[in-house]
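Let me begin by presenting the structure, written as structure tokens, before commenting on it.
The values are calculated or read from the model by the stated rules, or taken from the named source; none is laboratory data. Everything quoted here is computed from the prediction, not taken from an experiment. Cβ: placed from backbone, ideal geometry, glycine included. Neighbour counts: every protein chain shown.
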Amino acid sequence: MKKSFNVTRVSFKTISELPGYWTETKYLHLLDLMDFDNLTGLEKSEIKDMCLMSLTDNEPEDAAKIVLNYVFGNRLNKGQIDNLSNEMLEEKLWEEYADLSLHEEFFAVHQLLYDAFEGTFPHPEAVSFQIKIQEMAKNSLTLFENYPEAPLVRLLANGLPENSVINRLFDDKLEGEQFQEAKDILWQLKINKNDNNELIADVISSHYWFKDLKYVDGFEAETHADDL
């Protein structure tokens, strides 16, 4: 059953890095993969820069293979990684790869390689935004209790232009009862209820999906949960 809500965009910004993805530990793992000597002698302030420098000791395509192998492990085979390491020099894999579940990690790979090679790879763009959701009928917010990504993407799609990517690609899922892709469209989601019984949703996703949201201050729309 569809429920109506008022949605207010609280904040919106374009980001080029995923907060917290690349950690000191991950940089050290990559350095180890690249056979970097004397890891224990590195100062903490030097670890990231040394990782970036070590990547640039390779050709861009070879550096891409190193990072892809590290991030995706056994999920991608050697042939796939060989092809992708070449494609990502020109293509935005965090937008274009067929498997949406890998988009967030492709973004992280591009982010690191873009920083290392100063623009040789496409510039990664994501969005970070916060919205406030107010129910128009009592107890409507229960829609978001189980698998909130589906009703949230449906709700946000109503605030985007009809020709937006989400509305064009997922028109059947937006109206249907199953929208498993929603969890991969919203890379990171935090939902909290404030003292006014409003939901506050903090979202990180691709610029590809939600770039038009920055032009929207607020809207009223219906949404529904998946039929679990």
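Structural remarks
- Here Lys132 fulfils each of the conditions (1) in contact with a Pro (Cβ under 9 Å, 6 or more places away or on another chain); (2) not in a helix (DSSP H, G or I) apart from (1).
- Restricting the first member to the range 150-174 and to residues that are within 15 Å of Ala221 (Cβ to Cβ), and the second to residues that are part of a loop (DSSP other than H, G, I, E, B) and among the hydroxyl-bearing types (Ser, Thr, Tyr), the beta-carbon pairs closer than 9 Å and six or more apart or on different chains are Ala157/Ser164.
- Looking only at residues in the range 1-37 that are out of contact with any helix residue (DSSP H, G or I) (no Cβ under 7 Å at 6 or more places or on another chain) and assigned to a loop (DSSP other than H, G, I, E, B), the one that is modelled with the lowest pLDDT is Asp37.
- Some residue of the range 138-148 being under 30 Å from Glu87 (Cα atoms) and either among the acidic types (Asp, Glu) or touching a residue at least 24 places away in the same chain (Cβ under 8 Å) (or both): no
Listed here are the residues, each with its yes/no results for (1) surrounded by fewer than 18 Cβ atoms within 10 Å (Cβ to Cβ); (2) at positive phi; (3) in contact (Cβ under 8 Å) with a residue 40 or more places away in the chain.
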site	(1), (2), (3)
Ala63	no, no, yes
Val71	no, no, no
Leu76	yes, no, no
Gly79	yes, no, no
Met88	no, no, no
Leu93	no, no, no
Glu104	no, no, yes
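- Scanning the range 164-195 for residues that are within 21 Å of the chain's Cα centre (by Cα), more than 21 Å from Leu141 (Cα to Cα) and loosely packed, with under 12 Cβ neighbours inside 10 Å gives a single hit, Arg168.
- Breaking point among (1) in the same structural domain as Gly159 (by TED's automatic domain parsing); (2) at positive phi, for Arg9: (2)
- Applying the condition of being over 24 Å from the mean Cα position of the chain (by Cα) and outside any loop (DSSP other than H, G, I, E, B) to the range 38-48 and asking which residue is surrounded by the most Cβ atoms within 10 Å (Cβ to Cβ) yields Ile47.
- Residue list for the range 184-225, filter: touching an Asp or Glu at 6+ places or on another chain (Cβ under 9 Å), of a type in the set (Phe, Trp, Tyr) and assigned to a strand (DSSP E or B): Trp187
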